[in-house]
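Below is one structure, written out as structure tokens; comments come after it.
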Amino acid sequence: MEAEKINLFISTKGDYFPSDAIPMMRERLEHMNPDYELAVTSVSYLNPMLTLGISIGQGFIGLPGIDRIMIGQTWLGIGKFALTWLGCGTGLIWWIADWFLIVPATKQRNLEKFIQALGG
């Protein structure tokens with residue numbers, strides 16, 4: 001991938017990934033097979049701040065677990081929902097904890113999508 005495209009990708013999507021992964025990503029993009037360029041740039045990466053907003057808001061509308069389902073952790077989302085509604089509110093602790101955990105989890109999921117788009 002060309003240096004300009006790499007810089008554009010990193011500058012627009014860099015906040016979507018763990019900061020310690022950026023140098024590895026840059027290197028992988030520099031040595032990437034050109035056939036994977038479209039796959040890497042067209043992946044739907046999740047905005048970590050959006051998932052944080054949803055994580056905070058979901059408890060107020062009665063749907064805890066949506067944030068985990070959004071990032072591909074379906075069973076954790078179902079568990080969070082079940083603990084909140086069937087566990088007499090014990091899932092509320094998880095809901096509050098996710099205010100701090102969902103951003104790193106989203107960034108990690110985006111990194112996994114990036115690596116998968118590169119072909120593994």
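Read the figures in this text as sums done on the coordinates, not as results from a lab. Just so you know, these numbers come straight off a predicted model, no measurement behind them. All Cβ positions, even for glycine, are placed from backbone atoms using ideal geometry, and neighbour counts span all protein chains on display.
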Approximate spin-label separation ALA39-ASP15, in nm, with each point projected 7 Å along Cα-to-Cβ: 2.9 nm
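Semi-axes of the chain's equivalent ellipsoid from the Cα gyration tensor, sqrt of 5 times each eigenvalue, largest first, rounded to whole Å?
Working: eigenvalues 227, 32, 21 Å².
Ellipsoid semi-axes (Å, largest first): 34, 13, 10.
By counting other Cβ atoms within 10 Å of each Cβ, how are ARG26, ARG109 ranked from fewest to most?
Numbers: ARG26 17, ARG109 20.
So the ranking, lowest neighbour count to highest, is ARG26, ARG109.
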Nearest-ten-degree value, helix 3-13 long axis tilted from longest Cα axis of the chain: 10 degrees
Percent of alpha-carbon pairs separated by more than 17 Å within the range 3-45: 23 percent
Label-to-label distance, nm, for residues given as GLN108 and GLU30 (7 Å Cα→Cβ offset): 2.8 nm
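Given 0.36 nm per residue, what is the gain on full extension from GLN116 to LEU8 after removing their alpha carbon distance, in nm? Please list the in-between numbers first.
Working: separation 108, 0.36 × 108 = 38.88 nm, distance 2.02 nm.
Gain in length upon complete extension: 36.9 nm.
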With Cα atoms, 0 to 90° folded angle of helix 48-61 axis to the chain main axis: 20 degrees
GNM result for the chain, Cα springs below 10 Å: residue of ASN33, ASN110, ASN47 fluctuating most strongly: ASN33
Overall Cα dimensions of the range 48-107, principal axis frame, Å, largest first: 31, 20, 17
The range 34-83 versus the range 91-120: alpha-carbon centroid distance in Å: 8 Å
Highest-fluctuation residue, LEU52, LEU38, LEU63 considered, GNM on the chain with Cα pairs under 10 Å: LEU38
0 to 90° range, to nearest 10: angle between helix 91-117 axis and the chain longest Cα axis: 20 degrees
Selected from ILE96, ILE66, ILE56 as most flexible by GNM, with the chain as the system and alpha-carbon contacts under 10 Å: ILE96
